[in-house]
Structure formats: structure tokens, C-alpha cells
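The values are calculated or read from the model by the stated rules, or taken from the named source; none is laboratory data. Just so you know, these numbers come straight off a predicted model, no measurement behind them. Because the Cβ atoms are built from the backbone with ideal geometry, glycine has one as well, and the counts that use them run over all protein chains shown. Surface accessibility is based on the protein's heavy atoms, side chains included, excluding ligands, DNA and RNA. Shrake-Rupley method; radii C 1.70, N 1.55, O 1.52, S 1.80 Å.
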Amino acid sequence: MTEIQVLIERTGSQIEKKFCVSDWLMHINSNPESRYVNIDDRLDMSELINNNDFSGKHLQLLFLIKHNQEYILGYNVPCGYNLWSDFLNAAEDYANYGRSKRSYGADPLMMEIRSVGKEELNFSIYYELDRSKKYIDVMLPSQEFMISLASSLRDFLVKMIHEYKVDIGDEGTIMRVENLIKKFDS
């Protein structure tokens, strides 16, 4: 079973305030999860959105991906600006061509998803300049992974656009994800 969560990064000052620490960098070294807000946490999201520095145009995101209760993508991979759109475009490429190769955030990282046989895919994130330096390189059940990815993107977009009223997309964007879910579920 594949589970995907989308988290939003807090600023350093938000971390210091929330956790009553004077050095946020030291704090996140031992508590990497404290760097992020789960979009299901209404209180933390409210604090994040009501901050003067918050902008829906430049969301620093982290995708946590578990497969069979084991993290395959976690806090060890850099977060990136608007990764939701990178993942959405990659999922659309995969749906249309059976493969995708996209940048992963603003760092020199690449995300690649490619079909391997009828029921599996290879998912990898690596340094653009040196493909041998990989953060992740795993084989996953293709339909399960892609439905989970598209569903988590839909949930993220619906929550951000409708519940939190953050300008990151519109109904057309949500419909793109809904169409992907239908495509992968057939």
C-alpha cells in the first residue's frame, strides 16, 4: 500500500516561535518533522497562512511517500518550491507516455518515473549533473502508486483552494487531477 502526504515548510522564525527555541537550524537537525506543517492540522495551517511571509505562489513543499509502511521518500530529500505542480506534470506525462522526466523543485534534481512492464514503474530522484547520486530509486506497483499520487494531489489542492482559500490553482487544476485518477483507475 502506498501513502503520500504533502507537507508545507515553516519559516525559521515560525519554528523558533512554535517550539520555543532560539536556533531553528539546530532544532530541525534533531527534529526534522518540526520543519513542516501537515495540511490537515488546521491550527498550524492557520498560523502559517496568517504569517506575513506566506505566499501560495511560492510554497516550499515536502512529499512523504510510504510504501508498505516504509518511507521511500522522506525528510532526507530536499523540499522544493511548488512540488505539487512538478508531481502533477510528471503524473500527466506518465499517463500519456508511460514515462516522465522532470525537474524536482528548484534544486538541480531530476524526478523520473518510467514504466517497467505492465504492472510496475521505476521512480527515482537524482542529481541532474550526476545521475549516480540518487535520493531514491525504487520499483513500485504502477496503478497503486499513480492513483495514490493523484489522490494526494487532489486532496492537497482541494484543501488549499477551498478550505484555506490559498491561490495555488483553480477548478481546472483540480479537474486535471480528477481526470488522472480516472485514467489510472481504469
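If only residues of the range 127-143 that are out of contact with any Ser or Thr (no Cβ under 9 Å at 6 or more places or on another chain) and in contact (Cβ under 8 Å) with a residue 12 or more places away in the chain are counted, the one that is farthest from A91 (Cα to Cα) is L129. Assess whether V166 counts as being among the hydrophobic types (A, V, I, L, M, F, W, C) and either assigned to a loop (DSSP other than H, G, I, E, B) or more than 20 Å from K66 (Cβ to Cβ) (or both). For V166, the condition - among the hydrophobic types (A, V, I, L, M, F, W, C) and either assigned to a loop (DSSP other than H, G, I, E, B) or more than 20 Å from K66 (Cβ to Cβ) (or both) - is met. When you look at Y71, is it more than 16 Å from K159 (Cα to Cα) and at pLDDT 90 or above, yes or no? Yes: the conditions hold for Y71.
Table: residues versus (1) outside any helix (DSSP H, G or I); (2) closer than 16 Å to S100 by Cβ.
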{"residue": "S132", "(1), (2)": "yes, no"}
{"residue": "Y135", "(1), (2)": "yes, no"}
{"residue": "M146", "(1), (2)": "no, yes"}
{"residue": "I161", "(1), (2)": "no, no"}
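Beta carbons closer than 6 Å, at least 6 apart along the sequence or on distinct chains, pair a first residue in the range 62-79 that is under 16 Å from L149 (Cα atoms) with a second that is small (G, A, S) for L64/G74. When M139 is tested against (1) closer than 20 Å to Q5 by Cα; (2) open to solvent by less than 10 Å² (accessible area, probe 1.4 Å); (3) at pLDDT 95 or above, only condition (2) is not met. On the given criteria, is S30 open to solvent by 30 Å² or more (accessible area, probe 1.4 Å), within 21 Å of F145 (Cα to Cα) and either touching a Leu at 6+ places or on another chain (Cβ under 7 Å) or polar (S, T, N, Q) (or both)? Against the criterion (open to solvent by 30 Å² or more (accessible area, probe 1.4 Å), within 21 Å of F145 (Cα to Cα) and either touching a Leu at 6+ places or on another chain (Cβ under 7 Å) or polar (S, T, N, Q) (or both)), S30 does not qualify. Listed by first and then second residue, the pairs with beta-carbon distance under 6 Å, at least 6 apart or on different chains, first residue in the range 153-173 and among the charged types (D, E, K, R), second assigned to a helix (DSSP H, G or I), are R154/V177; D167/G56.
Among residues belonging to the range 1-25 that are among the basic types (K, R) and assigned to a helix (DSSP H, G or I), point out the one that is least open to solvent (accessible area, probe 1.4 Å). Within the range 1-25, the match that is least open to solvent (accessible area, probe 1.4 Å) is K18. Given (1) more than 27 Å from T11 (Cβ to Cβ); (2) buried (at least 17 other Cβ atoms within 10 Å of the Cβ), identify the lone condition not met by G117. Result: G117 fails condition (2) only.
Scanning the range 119-130 for residues that are outside any strand (DSSP E or B) and not aliphatic (A, V, I, L, M) turns up E119, E128. Among the residues of the range 35-51, are any buried (at least 19 other Cβ atoms within 10 Å of the Cβ), without any contact (Cβ under 8 Å) to a residue 60 or more places away in the chain, aromatic (F, W, Y) and more than 17 Å from A106 (Cα to Cα)? Among the residues of the range 35-51, at least one is buried (at least 19 other Cβ atoms within 10 Å of the Cβ), without any contact (Cβ under 8 Å) to a residue 60 or more places away in the chain, aromatic (F, W, Y) and more than 17 Å from A106 (Cα to Cα), which makes the answer yes. Scanning the range 74-110 for residues that are open to solvent by less than 30 Å² (accessible area, probe 1.4 Å) and either touching a His at 6+ places or on another chain (Cβ under 9 Å) or more than 21 Å from L157 (Cα to Cα) (or both) turns up V77, G98, S100, L109, M110.
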